[in-house]
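Presented below is the structure to which this report refers.
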Amino acid sequence: MPRMSKTPEQSQEKSGYLEDHSPENRCEGSEGHSVTELLHTVKEVSKMSIAHEIVVNQNFRVEEKILPPNSPEGKLTEKMYDAFWDHLREQLSSLPPDFTSALQLLKDVKEALLSLLLPRQIRLKNEIEENLDMDLLKQESEHGALDVNRLSNYILNLMIQLCAPIRDAAVKKLKDVTDPVLLLKGIFHVLGQMRVDMINYTIQNLRPYLQEHSIEYERAKFQELLNKKPSLLDHTTKWLNKATADVTASLSGFESTSSTSNSFETPTLTMVLYQGYLNLLLWDAEDDEFPETLLMDRGRLKEMAFQLEQLTVLASVLLVARSFSGNVLFNSPTFVDKLKSITKVLTQDFNSRPEEAMLSVSEQLSQEIHQGLEDMGLTPLSSDNTTSLIGQLKNIVKKDNCVRTVIDQRIRLFLKSCFIRGIQESLLDFPGGLILIKEELEELARRFVNLMYRNQQVFSPYYVEIFKNINHPVQDSGREL
């Protein structure tokens with residue numbers, strides 16, 4: 001069959017709720033789930049994931065999936081489609097014409113047209129049902145009277161009425177196609193694009209409603225999943241236990257170095273939850289025990305963790321570079337932006353090739369600083385200073401590098417402050433050494449904190465219940481989660 005664009009449910013990645021492949025959770029296992037029940041659960045998870053994506057990702061759109069033409073999948077798919085259209089041409093060219101494939105194609109086109117209608121377009125719906133009455137068209141085909149060209153022109157006129165302005169040119173171009181097979185092929189392709197347009201239009205109109213009701217919806221859907229799989233909070237419980245241990249250790253360390261009495265002798269629920277959120281930015285990609293309540297955001301959190309590491313490296317690089325070039329060069333926004341741009345580009349592959357990335361950064365930045373000092377009539381870097389600069393920049397690749405460690409601690413303290421004091425108040429007391437990445441860090445902090453606040457709103461009842469049975473002594477903060 002010809003290709004049609006994927007729906008949102010088809011294009012979503014697995015959310016992770018059903019990724020437990022242990023024997024007891026298979027279809028024939030002790031839990032006794034039937035295939036029908038599992039398929040229903042998959043569908044419900046998919047709905048929940050799509051609704052969540054629409055709410056948290058303002059740029060969420062459905063895109064037509066186009067396979068790379070040189071990929072095995074692309075080549076196979078193209079051969080299948082070519083075979084279909086060749087078969088259609090053979091059928092229409094035979095004497096008498098065979099309309100079997102054409103009828104199936106017209107049926108699919110009819111369904112696509114009906115899917116583009118709004119509920120209020122009843123008259124147009126009746127018109128399509130009348131003009132593309134499949135029983136009548138089948139009778140016409142049996143008598144050799146099926147007029148494919150007339151039907152194609154009718155469909156084109158409908159498409160002109162229904163398409164978004166961005167598709168006007170593509171639809172009008174089809175009016176110049178005289179070959180019936182190429183015309184049907186073009187119609188089907190543009191209809192696929194129009195269906196994607198309609199889905200995105202629906203998403204845009206649904207977003208305000210979902211934003212208003214999404215918290216209750218996601219919580220209710222998660223509860224349904226939890227009822228079917230009581231172990232669904234196991235990883236979340238482990239995650240919060242770890243966060244509690246981290247906060248307890250931190251408070252104990254503070255008490256041992258403080259001469260005054262500390263009023264926070266035990267962690268509060270809010271403190272532990274915020275620590276847990278911060279721990280997600282350090283999550284080992286190989287660790288599959290990701291908290292279930294955050295699985296739908298795992299991809300976003302992984303991206304944020306990568307950006308956080310990039311910012312840590314960027315701030316470390318700029319701090320070292322500034323110590324060698326002085327304030328004169330770094331008082332120039334143009335020069336600083338140039339160094340930032342170079343560093344960002346060269347550290348794109350930092351995760352996979354850290355040593356190579358930092359070698360490129362150190363060599364390029366030492367040249368820029370040397371040239372910048374010369375251009376301003378200042379004494380350029382000596383050979384020894386250049387060697388020292390390159391060495392210090394290359395050493396940033398080590399996680400225990402003193403500059404990188406200090407920068408990393410300050411960034412995480414800033415993020416924690418954003419949770420506790422709010423972003424605006426935290427910006428008024430911005431950490432020293434991070435001023436050159438303030439814009440980037442603020443943007444990351446807003447996305448991270450807002451995402452975690454929303455998670456807190458949805459899943460707070462479950463977190464409260466887990467805290468009641470946690471292995472560490474926990475006192476209620478008196479603040480609603």
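Among the residues making up the stretch 67-109, those that are β-branched (Val, Ile, Thr) and under 23 Å from Met134 (Cα atoms) are Thr100, Val109.
State yes or no: is Ser417 under 24 Å from Phe306 (Cα atoms) and outside any helix (DSSP H, G or I)? Criteria not met by Ser417. When the test is whether a residue is small (Gly, Ala, Ser), surrounded by 13 or more Cβ atoms within 10 Å (Cβ to Cβ), part of a helix (DSSP H, G or I) and out of contact with any strand residue (DSSP E or B) (no Cβ under 8 Å at 6 or more places or on another chain), Ser341 does not pass it. Looking at the structure I just gave you, is Val181 of a type in the set (A, V, I, L, M) and in contact with a helix residue (DSSP H, G or I) (Cβ under 8 Å, 6 or more places away or on another chain)? Yes; evaluated as a whole, the condition is true for this residue. Is it true that some residue in the stretch 81-99 is closer than 17 Å to Lys228 by Cβ, of a type outside the set (Phe, Trp, Tyr) and at pLDDT 75 or above? There is no residue in the stretch 81-99 that is closer than 17 Å to Lys228 by Cβ, of a type outside the set (Phe, Trp, Tyr) and at pLDDT 75 or above. If you go through the stretch 420-450 and pick out every residue that is of a type in the set (Val, Ile, Thr) and either buried (at least 16 other Cβ atoms within 10 Å of the Cβ) or in a loop (DSSP other than H, G, I, E, B) (or both), you end up with 3. The set of residues in the stretch 310-332 that are within 19 Å of Asn401 (Cα to Cα) and in contact with a Leu (Cβ under 9 Å, 6 or more places away or on another chain) comprises Leu311, Leu314, Ala315, Ser316, Val317, Leu318, Leu319, Val320, Ala321, Arg322, Ser323, Phe324. Cβ-Cβ contacts under 8 Å between residues 6 or more apart (or on different chains), taken from a first residue in the stretch 43-66 that is small (Gly, Ala, Ser) to a second residue that is in a loop (DSSP other than H, G, I, E, B), are listed as Ser46/Gln12; Ser46/Ser15; Ser49/Gln12; Ser49/Ser15. The residue pairs whose first member lies in the stretch 329-356 and is under 20 Å from Thr379 (Cα atoms), whose second member is modelled with pLDDT of 90 or more and acidic (Asp, Glu), and whose beta carbons are closer than 7 Å, counting only pairs six or more residues apart or on different chains, are Leu339/Glu368.
Every residue, every condition in (1) assigned by TED's automatic domain parsing to the domain that holds Glu363; (2) free of Cβ contacts under 8 Å to residues at least 12 places away in the same chain; (3) small (Gly, Ala, Ser); (4) touching a helix residue (DSSP H, G or I) at 6+ places or on another chain (Cβ under 8 Å), yes or no:
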residue	(1), (2), (3), (4)
Asp375	yes, yes, no, no
Ser383	yes, yes, yes, no
Leu389	yes, no, no, yes
Lys394	yes, no, no, yes
Asp408	yes, no, no, yes
Pro431	yes, no, no, yes
Leu434	yes, no, no, yes
Ala445	yes, no, yes, yes
Phe459	yes, no, no, yes
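Within this structure, Glu368 fails the test of being within 30 Å of Leu240 (Cβ to Cβ) and either part of a helix (DSSP H, G or I) or in the same structural domain as Phe414 (by TED's automatic domain parsing) (or both).
The values are calculated or read from the model by the stated rules, or taken from the named source; none is laboratory data. The structure displayed is predicted, hence computed values, not measured ones. Cβ atoms come from the backbone with ideal geometry, glycine included; neighbour counts cover every protein chain shown.
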